[in-house]
Amino acid sequence: MSEGQSYIPGIERAFRKTFGRGLSFRADLERRDAPAWTSLRHVEFLIALEKEFGLRFDGADATDMVDIRSVLDTVGKKLGRVS
Amino acid sequence: MSSAIRHFPVLVPCTNANDDRAIIVRWHVQSGDHVEAEQPIATLETTKSAFDLNAPRGGYVYYSLTPREMVDVGATVAWLSEQPGAPPQSAANDLVSPEVATMEGPASDCAEASDTPRATRKALQVMRQHGLTFADFVGVTTIRVQDVEELARARNAATVGVSSARSATVTSASPPQGTELIEQAPSKLIEMAALSEAYRGAVPSTVTISVDHPRVAAHLERLSNENGVLSLLELVLHALGRVLPHFPELNGYHTGSAALHYTSINVGFAVNAGRSLKVPVIRTTDRLTLREVARTVRDLVLRYMREELSAADMSSGTFTVTDLSTSEVVQFIPVLNLRQSATLGLCAPRLDGSSDLVLTFDHRMSDGMQAAEFLRELRALLEGDDPAPGKA
C-alpha cells in the first residue's frame with residue numbers, strides 16, 4: 001500500500017463498524033445496489049468516518065458519497081491525500 | 001429623601017417560536033447572591049435545547065422556583081435587586097421594566113425575542129391572574145389591561161385554557177402502591193406540556209390513503225439515478241414543498257379564536273435514532289430542489305447524530321412529517337404539534353405492496369375532503385404521476 005492509500009484501512013474500519021459483516025467492503029460497492037446501506041446507515045457511516053479521521057462532513061458530502069469509490073475520494077481530499 | 005430599591009424581573013427568553021415553556025435544570029447561584037452582568041444564573045431547557053440564562057445586569061439575585069419546575073416563556077424566573085437583603089415584597093409593586101435574560105448558546109431566531117412587548121403594571125397583574133405571559137402578545141408593542149382582558153375572554157370562549165407557569169410542575173408525591181415513578185428527562189416533560197397545549201382546543205381528525213409502494217420505489221429509483229441515492233423521506237419532503245402551497249389550512253394553526261396560515265413553508269421531520277426525539281426543520285421547503293432537500297436533510301441528521309442541533313435548526317416548523325416507514329409499522333396516528341394544523345405519517349409497506357400516508361389535522365382548520373385531496377395530490381407526486389394542470 002502506498003503512502004497515498006494509507007487511510008483506506010481506516011475507512012474499512014468505519015465501514016465494518018457501521019455495517020458489520022453484512023456488506024463486503026470493495027471499491028465498486030454502490031449505495032443503490034446495497035439495500036442495507038440505508039439513509040440512516042449512510043449517516044452513521046459518515047459519523048464513524050468522522051471519528052476515525054477527525055474529519056467533518058456536511059450534507060453535500062453525504063449526497064456526493066454514493067459509493068465506496070467516492071467515499072475514498074472525499075476522505076482522501078479532506079485529508080489532503082488526493083488532489 | 002429616601003430612594004426606593006429597584007427590583008428588576010428576569011424573564012425567560014423566547015428561544016424559538018414553537019416553545020411556550022422551559023424547565024429549570026439547575027441554578028448556578030444561591031438566592032441572595034450577588035451576580036455580575038452576563039453571569040450565568042441558571043440553566044433552562046426547552047423541547048429544543050438547553051441554554052444558560054445570564055443576568056441581564058448586575059445585582060442581587062432572588063428566586064423561589066426550584067429545579068424541574070416549569071416556567072412560561074416571558075414569565076419572571078428571578079429578580080435582580082440593587083441592594084442585598086431586599087427581595088421583592090410583591091411582584092407587582094416594584095416593577096421597573098421586564099428584562100429578558102440573555103442567553104448563552106445558540107442564537108434565538110424567534111421574532112418575540114427581538115420584539116419583546118412591554119406591559120403596564122396593571123396589565124401585568126391581570127396577565128398573571130389569567131395565566132397569560134408576554135409570549136401571548138406577540139406583535140403587541142405595549143400590553144394594556146384591555147388587551148389582556150380581550151385575550152382572556154377569547155380564550156375562555158373557546159375553552160382554550162392557558163395553564164399557569166407551574167401547572168406542570170413535577171409532583172414529588174409518593175406513587176400509588178404497586179407502581180414506581182418513571183424518571184422522565186426534562187425534555188420529555190416539556191414535550192408533554194407542548195403536546196397538551198397543542199391538543200387543548202384542537203379537534204384532531206385523521207385520514208389515510210394507500211399508495212402503490214412498488215410504483216413509489218420505481219419513481220424513487222429513477223430520481224436517484226439523476227440525483228444520487230434518495231430516501232423516501234427526502235422525496236416526501238420535496239413533494240410536500242410542492243403540495244402544501246395549495247393547502248394553506250394545513251400549513252397554519254388555530255389560535256382558539258382565529259385560523260392562521262404561515263407565509264412560509266418549513267417542514268420538520270421527526271428523528272429518533274437513539275439520541276432522543278428531535279424535529280429539525282427544512283426552511284422554505286417549497287423553494288428547494290430535490291437535491292437541495294436531500295442535502296439539507298443529511299446535514300441536519302449529521303448534526304443530530306453529533307448532538308449539535310441548535311434551537312434554530314428546530315424552530316419555525318409549520319408542518320411535520322413522522323417517518324416510520326423503515327420501522328415495519330404499517331399503521332399509526334401521528335400527533336399534532338404545537339402551533340401546527342397537520343402532521344403527516346409515513347407507514348411501512350404491507351405484504352400486499354401497499355403503504356399508507358396518514359394525515360392528522362385539526363378539524364378547526366380543514367376537513368376530511370380537503371385532507372383527502374391533499375393526500376391524493378401528494379400520492380400522485382410520490383408515484384411519479386404528472387400533476388394536474390395548475391396543481392403541484
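The values are calculated or read from the model by the stated rules, or taken from the named source; none is laboratory data. Keep in mind it's a predicted model, so treat the numbers as computed, not measured. Please note: Cβ atoms are built from the backbone with ideal geometry, for glycine as well, and neighbour counts cover all protein chains shown. For accessibility, only protein heavy atoms count, side chains too; no ligands or nucleic acids. Shrake-Rupley method; radii C 1.70, N 1.55, O 1.52, S 1.80 Å.
Go through region B:16-44 and count every residue that is within 18 Å of residue B:68 (Cα to Cα) and part of a loop (DSSP other than H, G, I, E, B).
Residues that pass the stated criteria total 6.
Is it the case that some residue within region B:270-285 is away from chain A (no Cβ under 14 Å), under 23 Å from residue B:198 (Cα atoms) and open to solvent by 60 Å² or more (accessible area, probe 1.4 Å)?
yes
List the residue pairs whose Cβ atoms are under 9 Å apart, where the first residue sits in region B:225-250 and is at positive phi and within 12 Å of chain A (Cβ to nearest Cβ), the second is in a helix (DSSP H, G or I) and of a type in the set (Lys, Arg), and the two are 6 or more positions apart or on different chains.
Filtered contacts from region B:225-250: B:228/A:31; B:228/A:32; B:228/B:291.
Six or more apart or on different chains, Cβ under 8 Å: which pairs go from a residue in region B:330-341 that's under 27 Å from residue B:212 (Cβ atoms) to one that's in a loop (DSSP other than H, G, I, E, B)? Could you list them?
Cβ pairs passing all conditions: B:330/B:347; B:330/B:348; B:330/B:349; B:330/B:350; B:331/B:347; B:332/B:324; B:332/B:347.
Does residue B:236 satisfy the criteria of being within 14 Å of residue B:343 (Cα to Cα), surrounded by 15 or more Cβ atoms within 10 Å (Cβ to Cβ) and out of contact with any Lys or Arg (no Cβ under 6 Å at 6 or more places or on another chain)?
Against the criterion (within 14 Å of residue B:343 (Cα to Cα), surrounded by 15 or more Cβ atoms within 10 Å (Cβ to Cβ) and out of contact with any Lys or Arg (no Cβ under 6 Å at 6 or more places or on another chain)), residue B:236 qualifies.
In region A:31-66, what count of residues is obtained for those that are in contact with a helix residue (DSSP H, G or I) (Cβ under 8 Å, 6 or more places away or on another chain), of a type in the set (Asp, Glu) and farther than 14 Å from residue B:302 by Cα?
Total meeting the criteria: 2.
Out of (1) touching a residue at least 60 places away in the same chain (Cβ under 8 Å); (2) part of a strand (DSSP E or B), what's the single condition that is false for residue B:325?
All conditions pass for residue B:325, except number (2).
For the list (1) more than 21 Å from residue A:41 (Cβ to Cβ); (2) modelled with pLDDT under 95; (3) within 13 Å of chain A (Cβ to nearest Cβ), I need the number of the one condition that residue B:292 fails.
(2)
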